[in-house]
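Trainee: Starting off with a structure, shown below.
The values are calculated or read from the model by the stated rules, or taken from the named source; none is laboratory data. Quick caveat: nothing in here was measured; it's all calculated off a predicted structure. Backbone-built Cβ (ideal geometry, glycine too); neighbour counts: all protein chains shown. Accessible surface is based on the protein model in full, side chains and every heavy atom, while ligands, DNA and RNA are left aside. Shrake-Rupley method; radii C 1.70, N 1.55, O 1.52, S 1.80 Å.
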Protein chains: 2
Amino acid sequence: MPTASSNSHSPSAAYFPDEPELPRLVTSFPGPASAKYLKSLGEIFDTKAAYMLCDYQKSIGNYLCDADGNLYLDVYAQIASIALGYNNPALIEIAKSPEMIDAIVNRPALGNFPSIQWEGILREGLLSVAPHGLDKIWTSLAGSDANEAAYKAAFIYHRLRQRGKNAKFSDAEMESTMNNSAPGSPDLAILSFEKAFHGRLFGSLSTTRSNPIHKLDIPAFKWPKAPFPTLKYPLDQNEEYNRKEEDDCLTELEIIIKDWDDRISAVVVEPIQSEGGDNHATPYFFQQLREITKKNNILLIIDEVQTGVAASGTFWAHEQWNLSTPPDMVTFSKKFQAAGFFYGNDELRPQQPFRQFNTWCGDPSKALIARGIVKEIKEKNLVSQVARVGEYLYDALSSLQDKHPDKISNLRGKGRGTFIAWDAPNLAARNKFLLDMKAAGINIGGCGLHSVRLRPSMCDFLRFTYLMMLMTLNSTFI
Amino acid sequence: MPTASSNSHSPSAAYFPDEPELPRLVTSFPGPASAKYLKSLGEIFDTKAAYMLCDYQKSIGNYLCDADGNLYLDVYAQIASIALGYNNPALIEIAKSPEMIDAIVNRPALGNFPSIQWEGILREGLLSVAPHGLDKIWTSLAGSDANEAAYKAAFIYHRLRQRGKNAKFSDAEMESTMNNSAPGSPDLAILSFEKAFHGRLFGSLSTTRSNPIHKLDIPAFKWPKAPFPTLKYPLDQNEEYNRKEEDDCLTELEIIIKDWDDRISAVVVEPIQSEGGDNHATPYFFQQLREITKKNNILLIIDEVQTGVAASGTFWAHEQWNLSTPPDMVTFSKKFQAAGFFYGNDELRPQQPFRQFNTWCGDPSKALIARGIVKEIKEKNLVSQVARVGEYLYDALSSLQDKHPDKISNLRGKGRGTFIAWDAPNLAARNKFLLDMKAAGINIGGCGLHSVRLRPSMCDFLRFTYLMMLMTLNSTFI
């Protein structure tokens with residue numbers, strides 16, 4: 001069990017000696033200042049989805065400060081994004097560095113005019129934690145466009161394979177693409193899974209299947225979706241049922257692939273479906289998926305936008321699968337404040353320039369922060385810290401689940417670091433729980449239809465005891 | 001005519017007292033260090049489109065330094081992006097400010113957790129230069145996703161109009177959208193113009209028509225395109241021809257709109273088609289376009305990603321049209337290092353939260369730089385500076401065109417600030433010209449099939465005399 005002394009050795013204590021031990025509430029939630037200024041901001045910027053107005057300069061470590069001076073223990077971390085806590089001193093140093101000032105003031109068009117520092121920033125940072133088997137990178141600006149860059153690479157590769165390496169574009173291709181028609185703009189597809197979330201741009205949104213509100217009224221490519229296993233938890237007590245469920249989904253997947261007759265360029269999948277409800281599948285499922293995609297000449301894109309960067313107890317969540325061959329591309333963003341995709345070989349680079357291209361092609365200021373985060377994760381052993389904290393959290397929540405099976409069910413994320421979630425009885429109860437928690441000083445998020453998810457930063461320990469305490473109270477009284 | 005003394009009063013002299021008067025070349029182009037390190041960078045990052053490796057910390061004002069220490073007069077400015085020259089001292093101060101450090105270290109999810117500073121940053125910066133009639137903003141990360149956010153707003157608005165304000169989503173809509181099918185994912189379209197460029201994500205790419213290499217092998221929405229006028233230059237000497245050409249294009253546009261029978265949600269158009277070759281149309285064309293779109297319940301999106309932020313001699317290029325009613329949305333990015341779209345009324349905001357949404361919803365660090373650029377433009381009267389420099393440049397180039405009609409033709413951009421372009425005789429001659437200019441110390445860009453475009457920063461004057469001189473030399477000898 002954690003104690004005050006165990007905390008004094010944690011990265012959190014090292015980073016934030018002045019971090020409070022408990023949330024500090026001075027108003028009800030939402031506070032009057034938050035409400036007033038959100039209304040004023042709403043005159044110019046859409047605030048319909050805003051929970052509170054925040055004072056980031058007064059936030060510290062795992063505590064998020066709002067406009068009223070309330071300090072919330074934050075286990076949502078800007079939708080799974082803040083890697084090392086608010087106002088992390090190591091990142092503040094990077095933000096003040098001459099390199100950062102240069103990156104901010106002289107933002108380069110990296111495709112045309114990369115900087116002399118760019119290679120070092122990538123090699124020392126993002127590439128130093130590249131997944132096994134993938135040694136190249138292309139940078140973009142967020143998870144959505146990282147996925148779209150990967151999709152474009154898959155389509156270009158698909159047509160290269162069909163056309164042959166030395167074949168030129170035909171006149172028919174050159175002309176038809178200007179009319180958005182085949183063969184130049186081919187009717188190829190990315191296959192995604194039910195309940196998946198891969199972003200909200202037009203291509204990525206066509207692979208997103210998590211919630212109608214994300215998609216309604218927006219035209220979509222008629223791309224196919226495959227069923228994602230709906231497993232029973234805990235996984236280790238439902239192996240037989242889950243294996244059959246996964247096999248059924250894989251069978252269905254193979255039927256879809258056959259129906260589409262070499263028109264699926266890639267399958268995109270999250271290691272744990274996050275927005276869609278923290279839905280897990282076993283390593284077996286992903287191993288089979290890798291075999292099926294390889295057999296059918298389909299690329300496999302792993303979307304680690306939410307699972308990546310240590311959250312799952314390994315640096316990349318897919319490292320826990322022991323695949324026979326690496327995925328073809330891995331996308332990421334949130335915890336690095338930066339996005340990109342890795343790829344494994346030159347064939348995934350278009351043969352011609354200006355095909356995978358845009359003005360910015362990434363952002364050195366984000367890559368500098370990512371390099372700093374990598375350094376801290378290595379120096380402070382944060383991957384194992386996340387695994388340790390996650391194990392403690394899972395066990396504590398498991399006890400709570402045993403005590404309150406009517407309030408907490410389908411606890412999931414064992415052995416997956418702090419990537420933990422459970423189900424509330426229904427949507428109303430879940431939403432009430434999230435509000436009750438905010439009112440009690442805990443900023444926590446939901447996902448799926450009626451799930452609660454933990455997405456803390458990587459540098460916390462003791463403070464979760466307080467979360468536990470509150471959950472106990474809440475689960476008793478709701 | 002500019003002289004050394006006139007330069008001493010220019011913003012460039014005020015910002016960069018140590019800026020050189022001439023390019024400084026110490027190696028051939030590309031230099032050996034650039035070539036060597038580009039090859040090494042190319043092992044991990046695609047450098048097929050890279051011209052040179054740059055040393056931004058040694059760049060100054062209008063001069064871009066490469067890895068070999070060559071200083072190029074830069075009239076391309078990171079593909080029309082660097083607003084105030086390299087290492088602008090005003091922007092360096094902003095980069096060092098506590099607000100910037102906060103924005104870098106604690107990147108907020110602005111849709112859920114906006115900061116107490118966010119409203120002020122927007123009101124003092126981006127919104128203070130909002131085009132007439134548009135007083136709201138939504139922020140994104142680049143030009144492409146700004147356009148896609150505008151497209152999504154248009155589609156949502158279109159269906160709201162069809163469905164009625166108080167109607168709920170039907171079960172059929174909720175179910176079909178999860179399969180990417182109508183009615184939930186409707187077959188609506190954005191209409192764009194031939195030779196247009198609006199970005200490279202899947203939705204924006206479907207409206208891009210500038211060059212097959214941007215589009216080949218990537219699936220596209222079957223959205224329509226209308227002809228864009230091919231005018232004769234100079235515009236004031238070809239009014240009759242141009243009017244007929246514009247009328248013909250408008251007639252064709254109306255036919256397409258009728259054919260699509262209320263399935264076109266918006267028309268997107270650049271004030272001057274930039275990547276597609278600096279193609280101009282007259283205010284008459286855009287006035288008619290505004291009337292036609294209004295009459296047909298179609299939104300008008302002006303893509304000012306390249307033309308915006310003073311480059312055209314007014315803050316927004318479309319301000320020169322005297323429209324009867326403002327455009328519905330205006331997108332921008334490059335010169336602000338930030339992107340967003342303005343809109344004019346609450347109806348363009350989705351009624352429900354989480355429809356126009358993503359993790360970041362913009363980036364305060366970019367909005368801070370944008371605010372600084374706005375302040376400098378106002379304080380140093382850079383809009384009129386750009387207009388003045390543009391007039392001088394246009395006149396000088398016009399003389400050159402008279403002298404070398406075989407080398408320079410279709411000079412365009414009179415009265416459009418420094419947004420100036422001309423045609424080379426053919427693609428090979430244009431590309432040779434661009435290389436010759438680099439070898440002579442001028443970094444200049446092309447566009448369209450065989451055009452050359454000027455896209456300098458806003459704070460230059462005297463140095464263009466040197467550009468003129470070189471052009472003279474080149475146009476004499478090529």
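Trainee: So what are the stretch A:329-447's ellipsoid semi-axes, whole angstrom, largest first, if each one is the square root of 5 times an eigenvalue of the alpha-carbon gyration tensor?
Mentor: 38, 18, 16
Trainee: Next question, about the same structure. Per-residue mean of other chain beta-carbon atoms within 10 angstrom of the beta-carbon, peptide B:360-370?
Mentor: Details: counts 10, 4, 1, 6, 1, 7, 4, 0, 1, 3, 0.
The mean count of partner-chain Cβ atoms within 10 Å per residue comes to 3.
Trainee: Per-residue HN-Hα couplings for the stretch A:292-306, Karplus 6.51 cos²θ - 1.76 cosθ + 1.60 at θ = phi - 60°, whole Hz, x for Gly and Pro?
Mentor: Running phi through 6.51 cos²θ - 1.76 cosθ + 1.60 with θ = phi - 60° gives 5, 5, 4, 4, 9, 6, 10, 6, 10, 9, 9, 8, 9, 4, 9 Hz.
Trainee: In addition: Count the net charge of all other residues whose Cβ sits under 12 Å from the Cβ of B:Tyr56, scoring Lys and Arg as +1 and Asp and Glu as -1.
Mentor: Values: positive: A:Arg107, B:Lys58; negative: A:Glu99, A:Asp102, B:Asp55, B:Asp66, B:Asp74.
Combined, the nearby Lys, Arg, Asp and Glu give -3.
Trainee: Sticking with this one: Please report the carbon-and-sulfur percent of the accessible area for chain A; probe 1.4 Å, protein heavy atoms only, DNA, RNA and ligands left out.
Mentor: C and S atoms contribute 53 percent here.
Trainee: Shifting gears a bit: What distance in nm separates the two pseudo spin-label positions at A:Tyr241 and A:Ser324, each 7 Å out from Cα along the beta-carbon direction?
Mentor: Placing both labels 7 Å along Cα→Cβ, they lie 3.0 nm apart.
Trainee: Here's another thing I want to ask about it. What is the set of long-range amide H partners of B:Leu411 at a cut-off below 5 Å, with H atoms built 1.01 Å from backbone N?
Mentor: B:Asp423
Trainee: What is the stretch B:98-378 by shape, rounded, prolate or oblate, if you read a ≥ b ≥ c off the alpha carbon gyration tensor as root eigenvalues and call it rounded for a/c under 1.5, prolate for a/b larger than b/c, and oblate otherwise?
Mentor: On the way: a/c = 1.74, a/b = 1.13, b/c = 1.54.
Because a/c hits 1.5 or more and a/b fails to exceed b/c, the stretch B:98-378 counts as oblate.
Trainee: How long, wide and thick is the stretch B:58-205, going by the Cα atoms along their three principal axes, in whole angstroms, largest first?
Mentor: Answer, in whole Å and largest first: 63, 42, 32 Å.
Trainee: Residue by residue through the stretch B:346-363, what is 3J(HN,Hα) from phi via Karplus (6.51 cos²θ - 1.76 cosθ + 1.60, θ = phi - 60°)? Round to whole Hz and write x for glycine and proline.
Mentor: For the stretch B:346-363, the Karplus-derived couplings read 5, 5, 7, 8, x, 5, 9, x, 6, 9, 9, 7, 6, 4, 8, 6, x, 8 Hz, x marking Gly and Pro.
Trainee: For the stretch A:251-258, in order, what is each residue's ³J(HN,Hα) by Karplus, 6.51 cos²θ - 1.76 cosθ + 1.60 with θ = phi - 60°, in whole Hz (x at glycine and Pro)?
Mentor: 4, 4, 4, 5, 5, 4, 4, 5
Trainee: Search the structure for amide H atoms under 5 Å from the amide H of B:Arg453, placed 1.01 Å from N in the peptide plane, and list their residues when 5 or more places away or on another chain.
Mentor: Those lying under 5 Å, H to H, from B:Arg453 are B:Gly445, B:Gly446, B:Cys447.
Trainee: Ordered shortest first, which distances in nm separate the 7 Å Cα→C-beta label point of B:Gln320 from those of the other copies?
Mentor: 5.9
Trainee: Here is a further query. For the stretch A:333-478, what is the number of Lys pairs with C-alpha distance below 19 angstrom, counting only pairs 8 or more positions apart or on separate chains?
Mentor: Final tally of qualifying lysine pairs is 12.
Trainee: I'd like the per residue volume of the convex hull spanned by the Cα atoms of the stretch A:213-254, given in cubic angstrom.
Mentor: Working: hull volume 3.5 nm³, N = 42.
Expressed per residue, the convex hull around the Cα atoms of the stretch A:213-254 is 83 Å³.
Trainee: Hey, another quick one. Where does each of B:389-397, A:320-328, B:81-89 land if you order them by average Cβ count within 10 Å, highest first?
Mentor: B:81-89, B:389-397, A:320-328
Trainee: Check which residues have an amide H placed less than 5 Å from A:Leu299's amide H, if you skip close sequence neighbours.
Mentor: A:Ala266, A:Val267
Trainee: Please report, largest first and rounded to whole Å, the three semi-axes of the ellipsoid equivalent to the stretch B:377-478, where each semi-axis is the square root of five times an eigenvalue of the C-alpha gyration tensor.
Mentor: Values for the stretch B:377-478, descending: 23, 14, 13 Å.
Trainee: Turning to a different aspect of this structure: Shortest first, in nm, what separates the label point of B:Ala90 from those of the same position in the other copies (7 Å along Cα→Cβ)?
Mentor: So the label point of B:Ala90 gives 3.7 nm to the other copies.
Trainee: Contour minus end-to-end for B:Lys295 and B:Lys39, with contour as 0.36 nm per residue of separation and end-to-end as the Cα-Cα distance?
Mentor: Going from the current span to full extension adds 86.6 nm.
Trainee: May I pose another question? Starting from the alpha-carbon convex hull of chain A, give the projected area averaged over all orientations, in nm².
Mentor: Averaged projected area of chain A's Cα convex hull equals 23.5 nm².
Trainee: Can you compute the modelled spin-label distance between A:Ser28 and B:Ala429, with each label point 7 Å from Cα toward Cβ, in nm?
Mentor: That separation, rounded to one decimal, is 7.7 nm.
Trainee: How shielded is A:377-384 by partner chains, expressed as the average number of their Cβ atoms within 10 Å of its Cβ atoms? The partial results should precede the final answer.
Mentor: On the way: counts 0, 0, 0, 0, 0, 0, 0, 0.
Whole-number average of other-chain Cβ neighbours for A:377-384 is 0.
Trainee: Net charge around B:His318, counting only other residues with Cβ within less than 14 Å of its Cβ (Lys, Arg = +1; Asp, Glu = -1)?
Mentor: Taking every other residue near B:His318 into account, the sum is -3.
Trainee: On a straight-distance basis, which lysines could pair with B:Lys294 in a cross-link, Cα separation under 21 angstrom, same-chain partners fewer than 8 positions away excluded?
Mentor: B:Lys136, B:Lys152, B:Lys165, B:Lys225, B:Lys258
Trainee: Just the number, please: percent antiparallel of the DSSP beta bridges in the protein assembly as shown, rounded to the nearest 5. If you can, show how the numbers build up before the last one.
Mentor: Values: 54 of 84 bridges.
Of the beta bridges lying entirely in the protein assembly as shown, close to 65 percent run antiparallel.
Trainee: Can you tell me the length gained on complete extension of the stretch A:Ile255 to A:Glu93, counting 0.36 nm per residue apart and subtracting the Cα distance?
Mentor: Gain in length upon complete extension: 53.0 nm.
Trainee: Continuing with this model, one more query. Just from its helices, what would the mean residue ellipticity at 222 nm be for chain A, if runs of 4 or more DSSP H residues each count -39500 (n - 2.57) and the sum is divided by every residue, rounded to the nearest 500 deg cm²/dmol?
Mentor: -12000 deg cm²/dmol
Trainee: Still on this structure: Report the convex hull volume per residue for the protein assembly as shown, counting only C-alpha atoms, in Å³.
Mentor: Value for the protein assembly as shown: 152 Å³ per residue.
Trainee: Next up: Could you work out, residue by residue across B:173-179, how many beta carbons of other chains sit within 10 Å of that residue's beta carbon, and then give the average as an integer? Please report the intermediate quantities before stating the final value.
Mentor: Values: counts 4, 5, 1, 4, 11, 12, 7.
Averaged over the peptide's residues, the number is 6.
Trainee: Right, here's the next one. Which distances, in nm and shortest first, link the A:Ser181 label point to the same label point in every other copy, taking 7 Å along Cα→Cβ?
Mentor: 2.6
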